Amino acid sequence: MRHVKLELSLLTTFSLLLSLSLTIAADDAHAESLIWGIQAEQAEYRYTSGERLAAWDFDALIGNDELKFVWRSEAEFNTRHDNFETLENQFRIQVPVSDFFDAVAGVRLDTPDGPDRIHGVLGLHGLAEQWFEVDADIFFSEDPSARFEIEYEALVTNRLILTPSFEVNVPFTDDDKSEVGAWAPSIELGARLSYDLIDRAVSPYVGVHYERSFGETARIAERNGSRQDELYIVIGTKFMY
């Protein structure tokens, strides 16, 4: 019952925030043009000897420079077992707090092949020095956690781009249903070499993607017959509209 009340409270709070943000956006529409679009950083097929995964990571947004509503979706679909290993959707409101960073508030919904979860989200999103794209989020629920992501686009030529990325997830509590242990992190490392076909609107790529878990999270994976780490060859495309 407490978990249900928490979910309802988070949804109610976000609904109020969304209603307020849309009202403000509508009031400002005459003064500033509305912007919208979708950007997929990853839309790919991951291959390793044991698994075949279809994966995506995209943002869709609408708003203006002062206020944005963002839908963020990430997933891994196991094509051999015909199920989602992860499926996460975030609905976020972003407002600028500096020239290069936005404050973030919203909700995150997890609906994998396992327990559905809902979390509150607070964080920062933007560009650090040297143009590193950064996301730092805290997720509030009965099983809170934190996530830090960083990505950089290195120009090899005007069209050929190498994009290294790093992500770390840290659970704050033991959560057997989600197969994580308190303070036992998991990381993801990637490197993708893309080629811009149409001014960054479409950029196919190849690369590698590495995942590893540590501590109790790794031990839970072993008990469930999974590996502590996995290295994938990936092929996919970025796109922006």
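The stretch 53-111 holds strands (runs of 3 or more DSSP E) entirely within its bounds, and those carrying 3 or more residues that are under 19 Å from His209 (Cβ atoms) and modelled with pLDDT of 95 or more map to 68-78.
Within the stretch 124-176, how many residues turn out to be outside any strand (DSSP E or B) and either free of Cβ contacts under 8 Å to residues at least 60 places away in the same chain or loosely packed, with under 15 Cβ neighbours inside 10 Å (or both)? I'd like the intermediate steps shown before the answer.
First pass over the stretch 124-176, keeping only residues outside any strand (DSSP E or B): 129-131, 141-144, 152-153, 156-159, 172-174, 176.
Pick out the ones that are also either free of Cβ contacts under 8 Å to residues at least 60 places away in the same chain or loosely packed, with under 15 Cβ neighbours inside 10 Å (or both) and you get 129-131, 142-144, 152-153, 156-159, 172-174, 176.
The number of residues fulfilling the criteria is 16.
Would you point out the residue of the stretch 72-99, among those that are more than 15 Å from Thr111 (Cα to Cα) and hydrophobic (A, V, I, L, M, F, W, C), that is surrounded by the most Cβ atoms within 10 Å (Cβ to Cβ)? Among those that are more than 15 Å from Thr111 (Cα to Cα) and hydrophobic (A, V, I, L, M, F, W, C), it is Ile93. Out of curiosity, is Ile198 of a type in the set (A, V, I, L, M), surrounded by fewer than 16 Cβ atoms within 10 Å (Cβ to Cβ), touching a Lys or Arg at 6+ places or on another chain (Cβ under 8 Å) and more than 21 Å from Asp135 (Cβ to Cβ)? No, not satisfied. Scanning for something touching a Leu at 6+ places or on another chain (Cβ under 9 Å) and among the β-branched types (Val, Ile, Thr), does the stretch 59-71 turn up at least one residue? Checking the stretch 59-71: at least one residue is touching a Leu at 6+ places or on another chain (Cβ under 9 Å) and among the β-branched types (Val, Ile, Thr).
Residues are listed down the side, and each one gets a yes or a no for (1) of a type in the set (Gly, Ala, Ser); (2) at pLDDT 95 or above; (3) in contact with a strand residue (DSSP E or B) (Cβ under 6 Å, 6 or more places away or on another chain):
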residue	(1), (2), (3)
Thr163	no, yes, yes
Pro171	no, yes, yes
Ala184	yes, yes, no
Ala201	yes, no, yes
Glu211	no, yes, yes
Leu231	no, yes, yes
Thr237	no, yes, yes
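The values are calculated or read from the model by the stated rules, or taken from the named source; none is laboratory data. Treat the numbers as computed from the prediction; the structure is a model and nothing was measured. Here the Cβ is made from the backbone with ideal geometry for all residues, glycine too, and neighbour counts use every protein chain on show.
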